[in-house]
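Have a look at the structure below before the remarks.
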Amino acid sequence: MSVTNLLRPNPAEAPAKPAAVAGPVARHVAIIMDGNGRWAAARRLPRVAGHREGARAVRRAIEAAMQSGVGWLTLYAFSSENWRRPAGEILDLTALLRQYLRSELAELKANGIRLRVIGDLQRFDEDIRGDLRAAERETAENHRLNLTIALSYGARDEIVAAARAVAEAAVAGSLDPAGLDERLFARYLATAGMPDPDLVIRTSGEQRLSNFLLWQAAYAELVFLDVLWPDFGPEHFAHALGEYARRERRFGARPA
Ligand code: FPP
């Protein structure tokens with residue numbers, strides 16, 4: 001796992017434009033968007049200013065994914081643990097999400113982007129849940145980019161919910177426990193039908209998964225970037241894809 005210092009970019013290492021990636025392009029990129037608060041604090045701004053800039057960076061990440069030929073992009077926008085934040089910040093984040101959905105839906109549709117949401121949406125207000133469901137429905141036929149936003153998401157919760165559903169199916173007699181394998185279990189996860197992420201990027205220099213896609217990222221390459229999420233741009237996306245392309249993925253097997 002490497003940490004690449006992009007807070008103090010060397011122009012030779014961090015080109016302003018995304019460089020063409022030599023080697024395999026990650027099919028599914030998942031991003032832990034971190035550092036909005038620190039970005040705001042460094043400018044003596046309220047945290048909401050960091051989240052607002054973070055929403056702009058979301059747009060840049062989507063554009064970069066489309067330009068790079070990445071087919072699946074999953075963004076960790078709100079973890080199940082984030083509900084522990086002060087009520088004011090949660091209000092700001094939900095307001096931003098509401099605003100984002102209303103302002104970006106037309107753009108998502110125009111660009112052939114399919115939106116999915118994973119996580120425990122019950123905790124959000126009904127109007128946001130309605131907007132999310134409508135956005136999923138209205139983009140369901142799109143195929144250019146599969147965009148998934150993880151909201152009120154926690155991988156342990158997801159795995160426990162899947163285990164509960166499997167147990168219920170077994171008790172009901174519709175599933176034979178002897179036939180349960182990884183493939184079947186994965187069909188009970190929120191990500192059923194999605195490919196596993198090939199590359200997980202985390203910004204802000206922190207190096208942990210924070211309960212994100214723990215099952216699905218079992219063999220993902222991890223790239224940690226020293227850039228705060230609001231500053232994330234196409235050059236960082238290209239850098240992470242380049243790092244991925246250089247890695248040798250063996251899935252536990254011996255080198256060829
Ligand atoms: C982590 O930074 C970021 C979040 C908890 C929220 C992510 C939200 C956005 C990027 C904007 C809205 C998203 C969408 C999809 C419209 P932090 O607040 O934990 O930063 P810190 O670690 O520096 O305090």
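Remarks
- Matching residues in region 63-83 - criterion: being assigned to a helix (DSSP H, G or I) and open to solvent by less than 10 Å² (accessible area, probe 1.4 Å): Ala64, Ala65
- Check on Ser204, in a loop (DSSP other than H, G, I, E, B), within 16 Å of the ligand (Cβ to nearest atom) and crowded, with 20+ Cβ neighbours inside 10 Å: yes
- Residue match in region 135-155 (condition: in a loop (DSSP other than H, G, I, E, B), farther than 22 Å from Glu63 by Cβ and either open to solvent by 50 Å² or more (accessible area, probe 1.4 Å) or among the hydroxyl-bearing types (Ser, Thr, Tyr) (or both)): no
- Only residues that are within 9 Å of the ligand (Cβ to nearest atom) and within 17 Å of Ser210 (Cβ to Cβ) were counted in region 52-88, giving 8.
- Ile90, sole failed condition from (1) within 22 Å of Thr203 (Cα to Cα); (2) in contact (Cβ under 8 Å) with a residue 12 or more places away in the chain; (3) in a helix (DSSP H, G or I): (2)
- Pairs where the first residue, in region 20-43, is part of a helix (DSSP H, G or I) and the second is of a type in the set (S, T, N, Q) and near the ligand (Cβ under 9 Å from one of its atoms), C-beta under 8 Å, 6+ apart: Arg38/Ser204
- Residue match in region 158-172 (condition: at pLDDT 95 or above, under 24 Å from Val70 (Cα atoms), away from the ligand (no atom under 16 Å from the Cβ) and open to solvent by less than 50 Å² (accessible area, probe 1.4 Å)): no
- Residues of region 207-216 that are surrounded by fewer than 20 Cβ atoms within 10 Å (Cβ to Cβ) and either under 14 Å from Leu75 (Cα atoms) or touching a residue at least 40 places away in the same chain (Cβ under 8 Å) (or both): Gln207, Leu209, Ser210, Asn211, Leu214, Trp215.
The values are calculated or read from the model by the stated rules, or taken from the named source; none is laboratory data. Everything numeric here is computed off the predicted structure, so don't read it as measured data. Note: ideal-geometry Cβ built from the backbone for every residue, glycine included; neighbour counts use all protein chains shown. Remember, those area values only see protein heavy atoms, side chains included, never the ligands or the DNA or RNA. Shrake-Rupley method; radii C 1.70, N 1.55, O 1.52, S 1.80 Å.
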